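Input: a single structure, listed below in structure tokens.
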Amino acid sequence: MDIFYFDLEVDPKSNKVLEYGAVLNGQTYRGRDFRRFESLFQPSKIICGHNIINHDLPILKQLNLPILLFEKLTIDTLFLSVLLFPKKPYHRLVKNYQLNGKELNNPLADAQLTKELLEDLLVAFHKLPEHLKTIYYSLLKDIPGFNGFFRQIFSERINVIHKPEQIVEFVKEHFTGMLCDDVSLLDIIQIAPIESSFALSIISVDDKDSLLPPWIKHQFPRTIDIINQLRVACPGNKGCPYCHKLSPTNGLKRFFGFESFRRFEGDLGKPLQEQVVEAALANQSFVAIFPTGGGKSLTFQLPALMKGEANRSLTVIISPLQSLMKDQVDVLRDRHDITEAVTINGMLSPLERSDAIERVENGGANLLYISPESLRSNTITRLLKSRTINRFVVDEAHCFSSWGQDFRVDYLYIGKFLKKLQKIKGLFRPIPVSCFTATAKPAVVEDIRDYFEEHLDLHLDVFQTHAKRENLSYYVVKADGLEEKYQKLKELLQSEDGPKIVYVSRVKSSEELALNLRRDGIIAKAYNGKMERDEKIRIQDEFMSDEEELDIIVATSAFGMGVDKDNVKMVVHYNISDSLENYMQESGRAGRQPNLQAKCFILFDNHDLDAHFNLLNLTKLSHKEVYQIWQGIKDFRRKKFTKSALEIAKKAGWDTEMMDLETRVKVAISALEESGYVIREENAPRIFAQSILVKNVEEAQEKMNNKLHYFIGENQRKNAGRIFSSLISRAKTNEDTRVDSMAEALGIERNEVTSILNIFKQIGILSN
């Protein structure tokens with residue numbers, strides 16, 4: 001068969017053809033001679049290439065070739081690979097000749113690879129069920145990119161259906177139980193036959209990891225809408241065999257094994273959980289207010305799993321607590337055998353992070369847990385660009401409220417990020433948002449709704465229960481002085497068996513109190529935000545496991561536990577919480593099993609309020625401090641720059657040893673951004689080598705003596721010794737090894753520290 005295989009090497013800026021590659025009946029050509037290329041082009045009956053419809057042919061048309069040449073039948077292997085390799089879209093040529101990734105494209109080799117790919121496509125087509133062959137042939141036989149494949153190669157081997165109405169009936173017959181019956185399939189296939197074929201292809205394979213390649217969303221954006229219409233149009237419609245499976249109660253039983261949703265005492269009609277799941281399946285945006293321990297996680301996990309199964313979409317969950325993310329992913333896996341959830345956060349090792357990113361990219365994950373700070377990561381932006389986004393879930397959404405800004409100021413970036421993401425992805429409709437909180441204070445709920453109304457023009461409905469936690473008992477125990485308070489704490493902890501959480505206000509207090517309890521024979525461990533990643537994970541796993549001895553955790557109230565342990569029998573506030581809302585959340589971590597009677601204690605000393613107000617005053621940010629940050633930013637004298645919080649604080653004249661320095665700088669910048677003075681974009685982190693290769697300081701000193709003089713002068717060599725000593729010291733004591741922190745402590749310019757660290761890598765002292 002006279003098939004002309006070709007490829008063009010094109011200058012991306014000028015669109016000028018740099019080189020031609022062509023194969024026809026054993027003849028080959030590679031070069032810049034257009035006439036030689038044309039002499040092979042003209043006698044062929046079919047022209048074939050990879051991405052020729054949208055790339056190569058439009059470029060050739062600019063060369064004034066005879067119009068008849070462009071009326072030939074065409075085969076675009078890029079289009080066909082999406083159709084015929086839906087389990088793992090084979091959407092680009094595997095260029096084995098580029099062994100080390102540095103060789104230039106070879107258009108002749110690519111034309112030959114296209115020929116091999118077409119042979120694979122023919123084999124794949126022969127393996128298809130007969131009904132799919134008929135559907136694809138009937139929809140695509142006259143469309144450029146497909147007509148050469150169907151009309152010429154398979155013209156006499158396939159039954160063809162000519163009338164659209166008959167095609168619709170044929171599709172419904174062979175996709176029973178896989179599509180919504182109520183969709184107007186006739187309109188869809190008449191308006192968008194290519195997109196309809198791609199949608200049916202992805203639906204036809206029973207492979208939850210199968211994804212459409214990202215370029216489809218740009219060249220054929222209707223494909224995603226069609227999949228949604230066919231698969232999530234009328235969730236819960238009992239008259240439709242497919243949509244009946246999408247009812248919340250069916251999904252609840254299928255994914256979690258529960259027969260019915262939890263009903264609160266204040267629920268009238270449908271349980272609140274079921275109402276929220278229905279709203280999510282119907283693509284509504286809303287605020288849901290659940291009591292702590294009221295099963296809110298299930299209400300965003302269930303629709304995420306159902307939608308992910310139906311249309312391969314991703315639900316993004318913003319959570320402020322790394323431990324909570326890990327716990328929810330672990331619970332889904334261990335209790336329910338659900339592996340479609342991953343988290344990307346600072347507790348992951350580089351290998352774990354890489355694996356999580358790969359699973360999201362490849363479609364192995366339908367739920368992604370990230371922190372609000374992650375939205376300023378270029379990696380996360382790139383990752384979300386490649387997936388169909390079902391919705392954004394904002395957990396602990398009270399952080400939007402004015403009183404919550406100090407807790408998570410990066411929540412205020414969510415609206416801006418979503419607007420940018422929608423623009424990048426070319427979405428015509430906003431991404432749905434659901435916000436969850438246990439704080440029912442009306443002002444907080446209005447702050448959340450106002451934020452999304454203002455930033456994204458989204459109206460959020462409100463779902464709320466007035467349920468009380470009848471299985472919790474609250475007590476206030478008066479204590480005079482620290483010694484009596486500690487004695488009463490011991491008595492409470494020893495009064496009964498079972499898991500317990502003790503909340504304190506400071507990191508140092510959590511560690512000292514846990515140490516004192518252990519000295520007195522009570523097994524307890526601290527958990528706070530300053531701990532190393534591995535230690536956090538180890539302690540959290542010990543506490544969560546019913547097989548371990550650890551039943552008591554002493555946690556800072558600022559970070560909380562963030563663990564979904566349902567058999568906690570007691571929560572003790574050793575220090576009072578910083579707000580009533582936070583107290584309700586923290587105490588609500590007790591008795592999450594509805595039938596478990598649990599106790600919540602506050603140990604109260606008359607001096608606690610004074611200490612509490614002093615702490616609040618320390619964290620308060622004044623107008624003067626915001627102004628100082630503004631002056632510091634202006635002193636950098638650049639329109640756009642990347643600086644750390646420490647560098648900005650120094651420029652502002654702040655004491656760099658102050659408590660929560662980074663958070664205070666972020667809050668000040670956020671206030672300036674809200675007022676229109678600055679714009680804060682994505683973070684631009686740079687990672688320097690800090691794995692130490694030398695066995696000891698003496699070996700490092702020897703290498704510096706022998707090699708440093710090739711790179712730097714005498715004064716810098718002294719600084720190099722100080723920098724290496726600081727790095728060793730900080731590594732041993734788990735101190736901050738960020739460049740700006742070391743530069744500040746040593747009194748050396750940051751750029752010099754950076755330069756010397758890079759030299760250490762070159763001379764073999766450090767490695768990645």
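With just the Cα atoms defining each centre, how far is the stretch 120-179 from the stretch 445-502? Give it in Å.
60
Enter the accessible area per residue of the stretch 627-768 (Å², integer; probe 1.4 Å; all protein chains in place).
61
Between residue 538 and residue 336, how high is the FRET efficiency from 1/(1 + (r/R0)^6) when r is the Cβ-Cβ distance and R₀ = 30 Å? Nearest 0.05.
The value I calculate is 0.80.
With the Cα gyration tensor of the stretch 516-616 in hand, give its eigenvalues times 5 under a square root as the equivalent ellipsoid semi-axes, listed largest first in whole angstrom.
Equivalent-ellipsoid dimensions as semi-axes: 23, 18, 14 Å.
Can I get the semi-axes of the chain's equivalent ellipsoid? Compute them from the C-alpha gyration tensor as square roots of 5 times the eigenvalues, in angstrom, largest first.
Over the Cα atoms of the chain, the ellipsoid semi-axes are 54, 38, 23 Å.
How large is log10 I(q)/I(0) at q = 0.12, 0.22 Å⁻¹ when the Debye formula is applied to the Cα atoms of the stretch 654-768, each weighted equally and without solvent?
The calculated log intensity ratios at q = 0.12, 0.22 Å⁻¹ are -0.53, -1.25.
Under a straight-distance cross-link criterion of Cα-Cα below 14 Å, which aspartates and glutamates are reachable from residue 639, leaving out those fewer than 8 residues away in the same chain?
Answer for residue 639, where 14 Å is the Cα cut-off: 681, listed by chain and number.
Could you tell me which GluC sites (Glu not before Pro) in the stretch 513-607 are loop residues by DSSP with no more than 16 other beta carbons within 10 angstrom of their beta carbon?
For GluC sites (Glu not before Pro) across the stretch 513-607 that sit outside H, G, I, E and B with at most 16 neighbouring Cβ atoms in 10 Å, the list reads 532, 547, 548, 549.
With a 1.4 Å probe and every protein chain left in place, work out the accessible area per residue of the stretch 208-362 in Å², rounded to a whole number.
Result: 38 Å² per residue.
Loop-only GluC sites (Glu not before Pro) in the stretch 700-768, please: DSSP not H, G, I, E or B, and at most 16 other Cβ atoms within 10 Å.
The qualifying sites are 735, 749.
Which entries of 245/500; 217/416; 500/666; 87/307; 326/666; 127/253 have Cα-Cα distances beyond 30 Å here?
Distance filter (> 30 Å) returns 245/500; 500/666; 127/253.
Among 655-668, 54-67, how do they line up from the highest to the lowest mean number of other beta-carbon atoms within 10 Å?
Top to bottom by mean Cβ count within 10 Å: 655-668, 54-67.
If the cut-off is 26 Å between C-alpha atoms, which lysines fall inside it for residue 703, apart from same-chain ones fewer than 8 positions away?
Leaving aside lysines fewer than 8 places away in the same chain, those within reach of residue 703 are 695, 718, 732, 761.
If N is the number of residues in the stretch 243-387, what value comes out of its Cα radius of gyration divided by 2.2 N^0.38 Å?
1.06
Using alpha-carbon pairs under 8 Å, 6+ residues apart, how would you state the relative contact order of the chain in percent?
About 8 percent, as a whole number.
By how many degrees, 0 to 90 and rounded to 10, does the Cα axis of helix 107-127 deviate from the longest principal axis of the chain?
The angle comes out near 90 degrees.
When the accessible area of the stretch 577-677 is computed with all protein chains present and a 1.4 Å probe, what percentage of it is carbon and sulfur?
Roughly 51 percent, rounded to a whole number.
Hey, what number do you get for the chain at 222 nm if only DSSP H runs of n ≥ 4 count, each worth -39500 (n - 2.57), divided across all residues, to the nearest 500?
Roughly -13500 deg cm²/dmol at 222 nm, from the helical runs in the chain.
Relative contact order of the stretch 365-481: what whole-number percent is it, with Cα pairs under 8 angstrom and at least 6 residues apart?
Over the stretch 365-481, the number comes to 28 percent.
The values are calculated or read from the model by the stated rules, or taken from the named source; none is laboratory data. All values reported here derive from a predicted model rather than from experimental measurement. FYI the Cβ positions are ideal-geometry reconstructions off the backbone, even for glycines, and counts take in every protein chain you see. For the accessible areas, the whole protein counts, side chains as well, though only heavy atoms, and no ligand, DNA or RNA atoms are used. Shrake-Rupley method; radii C 1.70, N 1.55, O 1.52, S 1.80 Å.
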